[in-house]
Amino acid sequence: MISARDSVLRDPAHARLIVGSLLLAYLAVLLPWNGLALNLQPDWLLLVLLHWWLREPWRIGQGAAFFCGLLMDLAQTGVLGIHALSYSVVAWCLLRLRARLLGFSPVAQALQLLPLLVLARLLATAAALITGGGLPGIPYFFGCLIDMLAWIPITLLLHQQDMARSRATP
């Protein structure tokens with residue numbers, strides 16, 4: 001189980017792990033998703049950002065949220081700034097809840113992150129509507145549940161990699 005003690009007593013995550021995980025998440029977004037899978041795919045980049053905002057808020061902050069949001073807008077060929085806005089707001093909210101979330105297991109964290117995941121999709125939808133886009137279907141919002149379920153293996157995997165690196169470094 002991941003505990004608050006782990007995040008306090010360990011060394012900071014290596015920059016290669018942070019950048020590499022963000023790059024892999026972005027590449028997962030670029031895969032050729034279509035049909036129902038397109039609407040149900042997890043927001044890989046947001047989930048990895050959430051993990052690092054929770055574990056390393058001093059290394060990756062709202063500037064990274066905005067930049068990664070712009071990359072998502074480019075990947076999804078939408079209006080530039082929609083994801084940047086939603087990622088920045090979610091980053092701000094998570095950084096306010098960080099101390100509380102660190103004490104929970106990944107399953108409990110996933111349940112508590114669900115409102116933030118819904119908020120990210122609602123902000124992106126509202127911004128798209130304001131700029132003349134259409135309203136997505138209901139499956140788009142079911143993606144929040146997929147995001148919540150994907151949080152558990154993502155955070156466990158990244159935490160395991162981070163702790164293994166921390167133990168291996170003398």
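Laboratory data are not the source of any read-out in this text; all were calculated from the coordinates shown. Small disclaimer: the values here were computed from a predicted structure and weren't measured. Positions of Cβ are generated from backbone atoms using ideal geometry, with glycine treated the same way; all protein chains shown enter the neighbour counts.
Quick rundown of the values:
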{"quantity": "Gap separating the Cα centres of segment 31-70 and segment 109-134, nearest whole Å", "calculated": "13 Å"}
{"quantity": "Top of Cys68, Cys144, Cys93 by mean-square fluctuation, Gaussian network on the chain, Cα under 10 Å", "calculated": "Cys93"}
{"quantity": "Likely footprinting exposure, Leu94, Leu30, Leu145, fewest C-beta neighbours within 10 Å first", "calculated": "Leu30, Leu145, Leu94"}
{"quantity": "Mean Kyte hydropathy of -0.5 or more with a Cα span along the axis of at least 20 Å, helices from DSSP in the chain", "calculated": "15-29, 82-101, 106-130, 138-168"}
{"quantity": "From the coordinates shown, Cα extents along the principal axes in Å corresponds to which of [x] 54, 28, 27; [y] 99, 42, 22; [z] 43, 33, 28", "calculated": "[x]"}
{"quantity": "Highest-fluctuation residue, Ala15, Ala84, Ala128 considered, GNM on the chain with Cα pairs under 10 Å", "calculated": "Ala15"}
{"quantity": "Estimated inter-spin distance, Asp11 and Leu80, nm [label 7 Å along Cα→Cβ]", "calculated": "4.0 nm"}
{"quantity": "222 nm mean residue ellipticity, helices alone, for the chain (DSSP H n ≥ 4; -39,500 (n - 2.57); rounded to 500)", "calculated": "-25000 deg cm²/dmol"}
{"quantity": "Segment 64-149: mean projected area of Cα convex hull, nm²", "calculated": "5.7 nm²"}
{"quantity": "Proximal charge balance of Tyr87 [Cβ under 11 Å; K/R count +1, D/E count -1]", "calculated": "-2"}
